[in-house]
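Each remark here refers to the structure printed beneath this line.
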Amino acid sequence: MTTRALQPRYLLIGIWLAGLMLLGVVFSEVSGGFLPLPRWGVVTLILALSTIKATLVALYYMHLQSDRKLLVLVALAPVLLIVLACGVIFSSRLVRL
Amino acid sequence: MNGAHAAATTTFGTAPTATGIPNGKLGMWVFLASEVMFFTGLIGAYIVLRMGHPAWPGPEGHLSVPLGTTNTLLLIGSSVTIVLSLAASQRGALPAARGWLSATMLLGSLFLVIKGFEYAAKFSHRIFLSTNVFWSCYYTLTGLHALHVLGGIAFNGMVLASTRNAARWASRRQRLEFAGLYWHFVDIVWIFLFPLLYLI
């Protein structure tokens, strides 16, 4: 695929990013009674949308989708550490409860 | 590696490396990985502090969602323009690459201007870094992110300056890809900061 042919894809992903962001704003604003979800459900939903957006940027704008696997490993290394850190944070929270 | 991106990487004329990845690009990714951990530490501290305060952030912790949303749209737009700049550079359309890169710098600058207005509004209400834990977190997270945006604008400016001389640009064009990687990282950090600070 030529770089010129990639332009529509870049624009489409930009539209998706903006749309998902606005969806998160709507979820946040209507969650006060209108959305049949508990507070933690809304938080999970909004953070899941952020994760999807970050993944789209990394895969298509930072070209991890088509780049060498070594770069994917470099990019995933901190993500694994983040998962570990989250595990420690939430397990600590559970222990305190 | 495949497609236009692979072709572009090989036509940049960088010296062959043991990994098959230009050293500058690998170095940028390792740097970004360390930056991810830097912001993870800060965001993690924010989450832990927030989980310890059931009424967080309280009535004094109101932030303008429309301003935050506008800033997010600006950064998303700047990610689109810088990737279009890279695509233009890869097909040899230097004027277009310069135009998209300038647009990226403009959008990044607008982000900082809006952030400045937000800060000014809080300062006018005598809300500072030391007001309470929420505002300490807010100013620390957004301030460090804004410094990264400023650094990204400076980086983009240096790349833009090097496009003036075509001969010089031929040996330095891969810096646009490095600048793009950094700029996208700054965008990703804001993608998480915006909901954590403004929405949740």
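A few notes on this one:
- Against chain A, whose longest principal axis is taken from its Cα atoms, helix A:69-96 shows a tilt of about 0°.
- Against chain B, whose longest principal axis is taken from its Cα atoms, helix B:65-90 shows a tilt of about 10°.
- Overall form of chain A per C-alpha gyration tensor (a/c, 1.5; a/b vs b/c): oblate
- As a calculated quantity, the FRET efficiency between residue A:81 and residue A:39 at R0 = 25 Å, using C-beta atoms, amounts to about 0.35.
- Compared with the direct C-alpha span, the chain from residue B:166 to residue B:122 gains 11.2 nm at full extension, assuming 0.36 nm per residue.
- Alpha carbon convex hull of the protein assembly as shown, projected area averaged over orientations, nm²: 16.4 nm²
- Region B:71-192 - percent of accessible surface contributed by carbon and sulfur, probe 1.4 Å: 70 percent
- Simple point charges give the picture: +1 on the Cβ of Lys and Arg, -1 on the Cβ of Asp and Glu, and for chain B a dipole about the Cα centre of about 560 debye.
- Once A binds B, the 1.4 Å probe can no longer reach about 4000 Å² of accessible area, counting both sides.
- Helix axis angle, A:39-56 relative to chain A longest principal axis, alpha carbon, degrees: 10 degrees
- Cα-centred dipole magnitude for chain A, charges only on beta-carbon of K, R (+1) and D, E (-1), debye, nearest 20: 180 debye
- Solvent exposure of region B:77-200, expressed per residue, is 38 Å² of accessible area, with all protein chains present and a 1.4 angstrom probe.
- Across chain A, C-alpha contacts under 8 Å between residues 6 or more apart give a mean separation that, scaled by the residue count, equals a relative contact order of 22 percent.
- Anisotropy class of region B:98-180 from Cα gyration tensor, a/c 1.5 cut: prolate
- Counting Cβ atoms of other protein chains within 10 Å of each residue's Cβ and taking the mean over peptide B:30-41 gives 3.
The values are calculated or read from the model by the stated rules, or taken from the named source; none is laboratory data. Please read these numbers as outputs of a predicted model, since none were measured by experiment. Backbone-built Cβ (ideal geometry, glycine too); neighbour counts: all protein chains shown. Ligands, DNA and RNA are excluded from the accessible area calculation, which covers all protein heavy atoms including side chains. Shrake-Rupley method; radii C 1.70, N 1.55, O 1.52, S 1.80 Å.
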